[in-house]
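Accompanying notes for the structure given below.
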Amino acid sequence: MNNTTIFISDLHLSEQTQPLNQLFERCLQQWQGNIDALYILGDFFDVWIGDDDDSDFIRHIKSKLKSFSSATPVFFIHGNRDFLIGEKFAAETGIQLLTSPQQINLYEHEYIIMHGDELCTDDIAYQQFRAQSRNPLWQMAVLSKPIEERRLLAGQIRQMSETRKNNEGKSEISDVTEQAINELMSSHMQPTLPTLIHGHTHRPAVHESQLNNQPFKRYVIQDWADNYGGYLAVDTDGVHVHELKL
Ligand code: MN
């Protein structure tokens, strides 16, 4: 036991993000064998079109994850960009795919962890797409298409979420709703009110909220972009926010 567990999300890694890819690799070197587990809460990749995509970039990242996971467990929850990551990728890298939301106990405290896109319930068009795209039959149909065709679809998905990001500041549509959070927390109150950890919104923060007069905290994980990244470290004292700079 190292008594620390690390959470990251929204790295949006791709061939085009070399400095951030290297920052992630330096983190892996520091963390390997020194933490109890690494949780990746979605949008680790900027896009994922199927486990059969084997560009140099993807092969490189897979080998890094595989050697890391041989010493330290890695858990993965899908994001809205990399929801097509499947069992083949998991087997090749040694990561363990989790369904969302997950309730976990760390150092005698309860946590709910998720990517967070499911909490953005005001964005009805996105929630419809989410329901469709998480259907195994839809995924099978997509994955059976030639890889070039899937690249086009990935472009459309990226464009859809970029359009939403550009609305940031003007619209609340791409943020979580209080109603969705309260519903989630109400169904996860046992044995004690957990702490919520999610990413997705690119609005890193610590929110102090209440449910039925009981306080709880909600941590939004830092996304990685430009020269910055970040992660949450959970230990026996609770959650600690860490920033990373290139
Ligand atoms: Mn996301």
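The values are calculated or read from the model by the stated rules, or taken from the named source; none is laboratory data. What you see is a predicted model; the values in this text were computed from it and never measured. Cβ sites come from the backbone with ideal geometry, for glycine too, and all protein chains shown count toward neighbours. Note: areas computed on protein heavy atoms with side chains; ligands, DNA, RNA excluded. Shrake-Rupley method; radii C 1.70, N 1.55, O 1.52, S 1.80 Å.
Annotations for the structure displayed:
- Subset tally (residues that are modelled with pLDDT of 95 or more and either open to solvent by 40 Å² or more (accessible area, probe 1.4 Å) or among the acidic types (D, E) (or both)) for region 204-224: 7
- Filtered residues of region 95-136 (kept if at positive phi and under 13 Å from the mean Cα position of the chain (by Cα)): G116
- Residues in region 202-225 that are of a type in the set (A, V, I, L, M) and in contact with a Pro (Cβ under 7 Å, 6 or more places away or on another chain) were compared, and the one that is farthest from I6 (Cα to Cα) is V220.
- Among the candidates S144, S133, S55, residue that is in contact (Cβ under 8 Å) with a residue 40 or more places away in the chain and surrounded by fewer than 13 Cβ atoms within 10 Å (Cβ to Cβ): S55
- Tallying residues that are within 16 Å of the ligand (Cβ to nearest atom), of a type in the set (A, V, I, L, M) and touching a residue at least 24 places away in the same chain (Cβ under 8 Å) within region 197-227 yields 4.
- Qualifying positions in region 79-124 - free of Cβ contacts under 8 Å to residues at least 60 places away in the same chain and within 15 Å of the ligand (Cβ to nearest atom): D82, F83, L84, I85, S100, T121, D123
- Tally of residues being closer than 18 Å to F57 by Cβ, of a type outside the set (D, E) and surrounded by 17 or more Cβ atoms within 10 Å (Cβ to Cβ) across region 80-109: 6
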